[in-house]
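See structure below.
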Amino acid sequence: MSSAGGVPVLILKEGSSRTRGREAQHANIMAARIVAETVKSALGPKGMDKMLVDSFGDVTITSDGRTILDEMDIQHPAAKMMVEVAKTQDNEAGDGTTTAVVLAGELLNKAEELIEKNVHPTIIIDGYKKASEKILEVLEKIAIPVEPNAEEYLKKTAMTSMASKLVAEHRGYLADVAVKAILQVAEKENGKYKVDVDDVKVEKKPGESVRDTKLISGIVLDKEIVHSGMPKHLENAKIALLDCALEIEKTEFDAKINIESPEQMEAFLKQEETMLREMVNKITAAGANVVLCQKGIDDMAQHFLARKGTLVVRRIKESDMEKLAKATGGKIITNLDYVNPADLGYASLVEERKIGDDKMTFIEGCKHPHAVTILIRGGTQRIVDEAERSLHDALCVVRDIVEEPKVLAGGGAPELEVSRALKKYAETLPGREQLAVKCFAEALEAVPVTLTENAGLDPIDILSELRARHEKGETWTGIEVHSGKVRDMTEVGVFEPLAVKKQIIKSATEAASMILKIDDVIAAGKMKAPPMPPGGPPGGMGPGAGVY
């Protein structure tokens, strides 16, 4: 609101609020830092878990950065940007979500110290940009090249990604499962591997224990066989994958049929039966003994298929149909007139099994499956859910290495090495950007410090020892939190993909820069609820209604 000649001029709508300059920056940085503080204690093998209860009372127990932030109902716009950091990190690299958020929070923390000293945010942003370019360069230089299918490194990396999770005691077993799954679905193109994590279908059922999680070289459908008269177990299955309904389509326009005698009525019903029989014959004539259908199947058609000893599952999700095509080598058939034996898929076994209370259909023993299933088991629903999240991270890090075969050791070693290089680089820069690059170097040390604090150790002693060892040129010295000692992390076998670390630096820098660039927050007024109609809420419930 400003006044022109004593008359107030309203610019913003009533109820809007505006903060600007230092105040706005401080509020935004504060909000983002609170988010980072929240996930900080979940970092590393000794990190704690969070219990999140949503508005319906559903409980999630996790230490996965993205899940924590997704489940928290965050209002503040700057804090929402931190949630986006975790999402980007998860979508791009699959792991390192907590680290990315902690680093972004620390960058903002350091930036605020500089703003207090009257360094302009634009200079800080430029400094951070230079620092992140330098970091990516140093990381590339120190990364350890590996073979894309070197199972030893893949397994160690998968174990590292699961060390901080609830299922850590079973991580060796789960890492094996993840590595085998990814190597089965990896496809070589022009000498490089391509992996789509979605080709690994994850099904979960509470019961048994996490140790009973299995990799199935084929697909598991959470569906039962449609007709009780069908075989529940078929070997050497020839599979027809249908994307068309085995039903008589009802006409789209209204049609009237005049039937004058019982014979005509019978002929009309017979005709429908004959059409369904023909459909079934077309499928079985091609040699199919298993039908997996995306749409519906008429009761009559089910009867004919059961008579021919065919095993049928219907109403399968489209995404599952695509995976089935990849796993069995079959083609999805959309028109029954063109079913030929070459389009059928193959599996050595299709059977229905009872898992817990539910029946599931297993299609396994495919020759060269380009899609596989991991069936996760666990004592309770919460454990199964967390095992699924942990396996997602493990699958992603294995994929990252198969696609970009370079690794770094963990335990805060790369952060310290890069921090050391940045401090030297800062000295070559003129002016105030030097301060911003130094701040970035200090912010990186937040990772080993947080790892140490979460393990209940003294960060000051350990950090000074780490710095001294890195000065001597021990690149891979990090903190081994289980023993609380400073060790060479390559010997301990703690590895993470280069791709994950690079994405952490990129997403954290960009998020911090974006929040620093804001100097004015203009918020519209909240929407008001419409007034209550007279006579209380709708439905004639006056005062006192609904009280028993």
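Bear in mind that the values in this text are calculations on the coordinates, not laboratory data. Note that the coordinates shown come from a computational prediction; the quantities given were computed from them, not determined experimentally. Here the Cβ positions follow ideal geometry from the backbone for every residue, glycine too, while neighbour counts run over all protein chains shown.
Using the alpha-carbon centroid of each, what span in Å lies between the range 90-157 and the range 492-527?
After rounding, the separation between the Cα centres reads 10 Å.
Cα extents of the range 74-177 along the three principal axes, largest first, in whole Å?
Reported extents, whole Å, longest axis first: 53, 38, 20.
Can you run phi through the Karplus equation (6.51, -1.76, 1.60; θ = phi - 60°) for the range 423-435 and list ³J(HN,Hα) in whole Hz, with x for Gly and Pro?
The phi angles translate into 4, 5, 5, 4, 5, 8, 8, x, x, 7, 4, 3, 5 Hz.
So what is the relative contact order for the range 328-476, in percent, with contacts set as C-alpha pairs under 8 Å and at least six apart? Mind dumping the intermediate values first?
Working: 116 pairs, mean separation 22.5, N = 149.
It rounds to 15 percent for the range 328-476.
Quick check: from the Cα gyration tensor, does the range 47-124 come out rounded (a/c under 1.5), prolate or oblate? Mind dumping the intermediate values first?
Numbers: a/c = 2.54, a/b = 2.00, b/c = 1.27.
Since a/c reaches 1.5 and a/b is larger than b/c, the shape of the range 47-124 is classed as prolate.
Quick one: which residues, 5 or more positions from Lys238 or on another chain, have an amide H under 5 Å from its amide H? H modelled 1.01 Å from N in the peptide plane, none for Pro or chain starts.
Correct list: Asn289, Val290.
Using the structure shown, select from Lys80/Lys517; Lys204/Lys295; Lys50/Lys87 the pairs with a Cα to Cα distance greater than 26 angstrom. Mind showing how you got there, number by number?
Working: Lys80/Lys517 16 Å; Lys204/Lys295 24 Å; Lys50/Lys87 18 Å.
Where the Cα-Cα span goes over 26 Å, no listed pair is concerned, since all stay within it.
Go through the range 457-472 residue by residue and turn each phi into a ³J(HN,Hα) via Karplus (6.51, -1.76, 1.60, θ = phi - 60°); whole Hz please, and just put x for glycine and proline.
Values, residue by residue: 9, 8, x, 5, 4, 5, 5, 5, 5, 4, 4, 4, 5, 5, 4, 6 Hz.
Quick one: Phe362, Phe56, Phe268, fewest Cβ neighbours within 10 Å first, how do they rank?
On the way: Phe362 21, Phe56 5, Phe268 11.
So the ranking, lowest neighbour count to highest, is Phe56, Phe268, Phe362.
So in the range 215-371, what percent of DSSP beta bridges are antiparallel if you round to the nearest 5? Provide the component values of the computation, followed by the final result.
Working: 17 of 27 bridges.
Once the DSSP bridges in the range 215-371 are tallied, antiparallel ones form about 65 percent.
Using only Cα atoms, figure out Rg for the range 292-400 and give it as a multiple of 2.2 N^0.38 Å.
Values: Rg = 16.7 Å, N = 109, 2.2 N^0.38 = 13.1 Å.
That works out to 1.28 for the range 292-400.
Run the numbers on the chain and let me know its relative contact order in percent, using alpha-carbon pairs under 8 Å that are six or more apart. Mind showing how you got there, number by number?
On the way: 1020 pairs, mean separation 138.6, N = 548.
The value is 25 percent.
Say the cut-off is 22 Å between C-alpha atoms; which of Lys165/Lys214; Lys188/Lys317; Lys214/Lys367; Lys40/Lys130 go over it? Before the final figure, lay out the partial values.
Numbers: Lys165/Lys214 19 Å; Lys188/Lys317 28 Å; Lys214/Lys367 18 Å; Lys40/Lys130 26 Å.
As for pairs spanning more than 22 Å Cα to Cα, those are Lys188/Lys317; Lys40/Lys130.
Please enumerate, by chain and number, the aspartates and glutamates with C-alpha under 17 Å from the C-alpha of Lys155, excluding those fewer than 8 residues away in the same chain.
Within the straight-line cut-off, Lys155 pairs with Asp95, Glu147, Glu169, Asp176, Asp393, Asp400, Glu403, Glu404, Glu491, Glu496.
Distance between Cα centroids, the range 211-280 to the range 366-434: provide it in whole Å.
46 Å
Which lysines, if any, have their Cα less than 19 Å from the Cα of Lys308, not counting same-chain residues under 8 positions apart?
Lys232, Lys238, Lys282
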